[in-house]
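**Student:** Take a look at the following structure, please.
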Amino acid sequence: MSKSKSGTPEIELKEENGNRTCDDCGESLIADPIRRYEHSAQKFICPICSFTPEAMKAEFKKMFAEVNSGLGSLGLRSARPRKAYVQLATETLDERNEYLTDVLEFANGEESSFRDDILNMSVDSFKYHAFRPRFVFKYAWSIPHKKALEAIASYGPIVEIGAGSGYWAYLLANMGVDIVAYDNAAGSKTYTETCFAYWKLWFEVEKGDERMAAEHKDRALFLCWPPYNSPMAEKALKNYKGETVIYIGEGRGGCTANDKFFINLEKNFDQVESVELHVWPGIHDRLEIFKRK
């Protein structure tokens, strides 16, 4: 691995059997999720070397220097001092949860950076927003922690619809939870070739869409970040004949699910539990659990 003039690590590329590979570890390179998510010019990076907290912090240091030099006196400022928070991280950190471990390392242990009211235009919020697509690509849309996982586990067995990479299912299964997971993109190229792709499958996610909810009335229905303005969550809830719904996402009008889903949920279910999550700047998701009326 070489270094640029600024001291930032740079992944060297080499051609091997027609494929781009990392000179440092030999891993096949992928299109940077940040560029794909933002639909900007394609850039190839190593899914191993470029995804460590250390590498991303170094890359941001270079990015921040370039952005700030162009903004002059309007450059991004350092984060303002924050009020004290109850430390979810220290209470709920589990060594098997690589997502939370990496996020906190990326934030230099500043757990309060991932609270719902951190919306200021600071260096920190810019950094987290810029690199969020890589964490989503590697793990999941929402950041798990032990307290949330324990709350979900208490309502098992579970069926997850729209499981993505299966990261939440993987953590729950490691806790002994009986869970089956479905995603309509499982086994297709969308898992590796679109901006909503994932680095790998953490769990055995079966191919299936919202219709699979009808086959598991004996399980709690788990929906984690159902697609924005999509009927997926609405249809899964309509098909589901069981008693418990576990939902992770924003509220009505937010960036998950659609209005019909929330109308149906409020009409037929009562909220029985709510758990605060770590959130990315500008995102307001949380865990909510409902029981049929």
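Rule-based calculations on the coordinates, nothing more; no lab input. In this text, all values refer to a predicted model and were calculated from it rather than measured experimentally. Positions of Cβ are backbone-derived with ideal geometry, glycine not excepted, and every protein chain shown enters the neighbour counts.
**Student:** Full extension from ASP24 to VAL272: what is 0.36 nm times the residue separation minus their Cα-Cα distance, to one decimal in nm?
**Tutor:** Here the answer is 84.3 nm.
**Student:** A follow-up question, please. State the extension gain, in nm to one decimal, for the chain segment bounded by ASN184 and ILE48, taking 0.36 nm per residue of separation less the distance between their alpha-carbons.
**Tutor:** 46.3 nm
**Student:** Among LYS147/LYS267; LYS62/LYS138; LYS146/LYS291, which pairs are too far apart, with a Cα-Cα distance over 25 Å?
**Tutor:** Correct reply: LYS147/LYS267.
**Student:** Sorted by packing (mean other beta-carbon atoms within 10 Å per residue), highest first, where do 284-291, 164-171 land?
**Tutor:** So the peptides 284-291, 164-171, ranked by packing, come out 164-171, 284-291.
**Student:** Classify region 146-292 as rounded, prolate or oblate from the Cα gyration tensor: take a ≥ b ≥ c as the square roots of its eigenvalues, call it rounded if a/c is under 1.5, otherwise prolate when a/b beats b/c and oblate if not.
**Tutor:** Rounded.
**Student:** So what is the relative contact order of region 146-292, in percent, for Cα pairs below 8 Å that sit 6 or more residues apart?
**Tutor:** Dividing the mean separation by the residue count of region 146-292 yields 21 percent.
**Student:** Given H placed 1.01 Å from N in the peptide plane, which residues other than close sequence neighbours of GLU160 have an amide H under 5 Å from its amide H?
**Tutor:** Those qualifying (amide H under 5 Å, at least 5 residues apart or on another chain) are VAL180, ALA181, TYR182, PHE222.
**Student:** Quick check: pseudo-label points 7 Å beyond the Cα along Cα→Cβ at SER154 and HIS284, how many nm apart are they?
**Tutor:** Modelled inter-label distance: 2.6 nm.
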